[in-house]
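The values are calculated or read from the model by the stated rules, or taken from the named source; none is laboratory data. All values derive from a computational prediction rather than experimental measurement. In this analysis, Cβ positions are derived from the backbone assuming ideal geometry, glycine residues included, and neighbour counts consider all displayed protein chains. The accessibility values were calculated without ligands, DNA or RNA, using every heavy atom of the protein model including side chains. Shrake-Rupley method; radii C 1.70, N 1.55, O 1.52, S 1.80 Å.
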Amino acid sequence: MTAPRTGVVGAGYVGLTTAVCLAERHDTVCVDVDAVRVRELSRGVALLDEPGLPELLEQGLAAGRLRFSADYSDLADRDVVFVCVPTPSRPDGSADLSAVDAAVDSLAEVLRPGAVLAMKSTVPVGTTRRAAQRLAGTGIRAVSNPEFLRESHAVYDFRNPDRIVVGADDADAANLLEQVYGRGSGPVLRMTPESAELAKYASNAFLAVKISYINSLARLCPEVGADIGDVTRCMGADVRIGQHFLRPGPGWGGSCLPKDTAALLHTGRLRNVELREVASACETNAAHADQLAAALTRAMGVPLAAARVTALGLTFKAGTSDVRDSPALTVCAQLSRRGAQVCGYDPRLASLDQTALRRASVVGVDDPYLAAKDADAIVVLTEWPEFCELDWARIAEQAPGAVVVDTRNLLDPAGPTEAGLIHLGNGTPSGY
Ligand code: UDX
């Protein structure tokens, strides 16, 4: 067979990254229902600030190997099409599959017999088999191919996967998918669709549990005079634990971990299987904003209702402009609810979702020194490296005697301390 022709449905984080990376080797068509997004991408406007993505978009368009369309019929000649549409949380934690079903039904209308639909969206166990039922009679095969991309590392992670998971009953369909990725692109793990779907949720939920455990240990450290940095350095040296995802913070967030932990818990509830480790991680994660508010009140010596608080960092993690389910905004909203006046600075402020900031009652100030003016407390909530370059003497002029709470243990405590500010780390002997 000639090189398989590939398609992608959904030009969001996962879909656009998948499309531009596939186009390095395959003729690729990416369909999105948003005509404006299609037009911008066709003009070479990357829309996402993912490192490496703009260059790959330009390369794919220039080589004529990458096209964008709002019309599903442009996928008619594709051999493999990756479904990369959102599966947002419903109030009960279950995943909303309306976009997935719409994509499957649209592909059923246009793909040829023998084509493969690869489900890359994170979907509840059984969804791929359900898609196969919706495709019955069309000759189109459905396989599960979950992604493990991290925001701000999406292109790198696509090119350097720890594993490529293929959940398929049909060996020929699995072979075709492997051919798309090509030899040497990473270890391919073949399994049933159910195992592939569950493995994705299980992986993300484990990452959440790992972080929640570290954040709980960080609460214990100041009580016993230990330092979370030293404790995790020791833990991480054990290859069975690994040194990643051991950094304390204001809690975990983003567009995936909260959604995926909720969906996994829902799957368990449906089958009367309690995943208490995951439920507990979610509960402790939700408590951090309150704990931080109480710690600030103790440290400032004034009630929050009379306090001005400056948040440094509003995104859910550094290297992205994404504020979806951002723990930083959760903290800001909690402080505001208790009456504090909260203003926030973020290196990406101009490109953040301003509605989300308003919902969290945060006033965005596009200069860290202005944002610190008259602050009673300054809280580092996102681990932007820029914050390590701040002039703390200059900040102290704006906010004399302010409390500086570093939830990410990003700063050298000497900076704020030598400027006469009160530095509190997270999980350090003198921490909050
Ligand atoms: C995550 C998974 O890592 C990825 O494999 C999956 O495909 C999508 O979900 P992402 O949402 O981009 O990726 O964020 P991630 O880098 O995992 O961070 C999630 C949250 O955990 C962030 O709020 C981050 O600040 C926090 N975190 C991460 C910590 O608090 N401590 C850590 O050590 C690591």
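Worth a mention:
- The chain, relative contact order [Cα under 8 Å, separation at least 6], %: 12 percent
- Cα gyration tensor shape for the stretch 6-191, rounded if a/c is under 1.5, else prolate or oblate: rounded
- Hz values of 3J(HN,Hα) by residue in the stretch 42-49 - Karplus curve (6.51, -1.76, 1.60), Gly and Pro given as x: 5, 8, x, 8, 5, 6, 10, 8
- For the chain, the longest principal axis of the alpha carbon atoms and the long axis of helix 193-224 meet at an angle near 10°.
- Within the accessible area of the chain (1.4 Å probe), percent carbon and sulfur: 54 percent
- In this structure, the amide hydrogen of Phe68, modeled 1.01 Å from its nitrogen in the peptide plane, lies closer than 5 angstrom to those of Cys30, counting only residues at least 5 positions away or on a different chain.
- Mean Cα-pair separation over length for the stretch 6-191, i.e. relative contact order, pairs under 8 Å, 6 or more apart, %: 20 percent
- D_trans [Stokes-Einstein, Kirkwood Rh over alpha-carbon pairs] for the stretch 118-165, 4 °C, 1.567 mPa s, µm² s⁻¹: 107 µm²/s
- Computed magnitude of the charge dipole of the chain (debye, nearest 20; Cβ of K, R +1, Cβ of D, E -1): 780 debye
- Residue among Asn204, Ala375, Gly52 farthest towards the positive dipole end of the chain, charges placed on Cβ: Asn204
- Beta bridges per DSSP, both residues in the stretch 6-191: antiparallel share near 10 percent.
- Farthest positive-ward along the chain dipole, Cα basis, beta-carbon charges - from Gly137, Leu421, Leu275: Gly137
- When the square roots of the Cα gyration tensor eigenvalues are ordered a ≥ b ≥ c, the ratio a/c for the chain is 1.5 or more and a/b exceeds b/c, which makes its shape prolate.
- For the chain: accessible area per residue (Å², 1.4 Å): 43 Å²
- A 1.4 Å probe, protein heavy atoms only, puts the accessible area of Met119 near 0 Å².
- Amide H contacts of Ala311 (H built 1.01 Å from N, in plane; Pro and chain starts excluded): Cys343, Gly344, Tyr345, Val379 sit under 5 Å, all sequence-distant by 5 or more or on other chains.
- Only Lys, Arg, Asp and Glu carry charge here, each on its Cβ (+1 for the first two, -1 for the last two); on that basis the stretch 6-191 has a dipole of about 320 debye about its Cα centre.
- Checking the cross-link pairs Lys210/Lys259; Lys120/Lys259; Lys200/Lys317; Lys120/Lys200 against a 18 Å limit on the alpha carbon distance flags Lys200/Lys317 as lying beyond it.
- Semi-axes of the equivalent ellipsoid for the stretch 315-429, computed as √(5λ) from the eigenvalues of its C-alpha gyration tensor and ordered from largest down, come to 22, 15, 14 Å.
- Projecting the Cα atoms of Asn160, Ser185, Leu217 onto the charge dipole of the stretch 156-220, computed from C-beta unit charges around the Cα centre, puts Leu217 farthest toward the positive end.
- Contact order for the stretch 299-432, expressed relative to its length and based on alpha carbon pairs under 8 Å spaced 6+ residues apart, stands at 24 percent.
- Cα long-axis angle, helix 53-63 against the chain (0 to 90 degrees, to the nearest 10): 30 degrees
- DSSP bridge orientation in the chain - percent antiparallel, rounded to nearest 5: 5 percent
- Pairs of alpha carbons in the stretch 195-432 whose separation is greater than 30 Å (percent): 24 percent
- About its Cα centre, the dipole of the stretch 342-432 is roughly 340 debye, where the only charges are +1 on Lys and Arg Cβ and -1 on Asp and Glu Cβ.
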